[in-house]
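Worksheet: the structure to be examined is printed underneath.
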Amino acid sequence: MPLHGFKCENGHRVEEIFSLREDVPLAVKCPECGTKAERRFQVPRPIGVNTPDLESVNARLFSKKERLDGREIRTEKQLRAREAELGIRVMSASEQHESQQWQQQDIQDIGRAGREGGYEGALSHVDDTEIMGVTGWGTSRLRKWQEATENAVAHTPNGTPSHG
Ligand SMILES: [Zn+2]
């Protein structure tokens with residue numbers, strides 16, 4: 001989620017989250033002293049929950065009733081407070097960085113699998129990655145499992161292999 005930084009006339013730092021669909025204003029009202037706080041960050045800083053969509057974050061963190069009562073996340077502080085309230089933990093900056101690198105690696109791997117094996121190759125790569133992600137298996141364990149599964153399928157009555 002992108003976090004935008006503003007600074008007011010009295011030097012207070014104001015940080016607000018805007019979804020990618022929203023227009024980010026050039027200035028907001030400083031919640032501390034009420035003066036005009038102008039936008040400072042040229043590039044928004046990604047934070048917390050790994051989604052650019054503030055709507056869906058709010059939908060996830062609050063019940064319908066709470067949202068009707070006007071509860072919503074607007075600042076990083078509010079996000080941290082709500083997470084503490086719910087007992088959930090966001091990724092740290094370094095975890096986020098790592099997760100982004102993993103995602104980029106995934107995209108590259110899928111691309112390579114696609115170039116080598118076409119659509120089927122890309123698809124089976126995604127399947128493999130998902131199975132390994134869920135089970136925690138490495139490649140060799142996955143291959144063994146796949147062989148065992150293929151064997152089992154081959155030995156079912158409808159797929160009886162030739163017995164010489
Ligand atoms: Zn201020």
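Here are the numbers:
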{"read-out": "Two-site FRET efficiency, LYS64 against GLN103, from Cβ-Cβ distance with R₀ of 30 Å, rounded to 0.05", "value": "0.45"}
{"read-out": "Computed lengthening from VAL24 to LYS36, 0.36 nm per intervening residue step minus Cα-Cα distance", "value": "2.8 nm"}
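Every read-out reported here was derived from the displayed coordinates using simple, explicitly stated rules and does not represent laboratory data. Quantities reported herein were computed from a predicted structural model and do not represent experimental measurements. In this analysis, Cβ positions are derived from the backbone assuming ideal geometry, glycine residues included, and neighbour counts consider all displayed protein chains.
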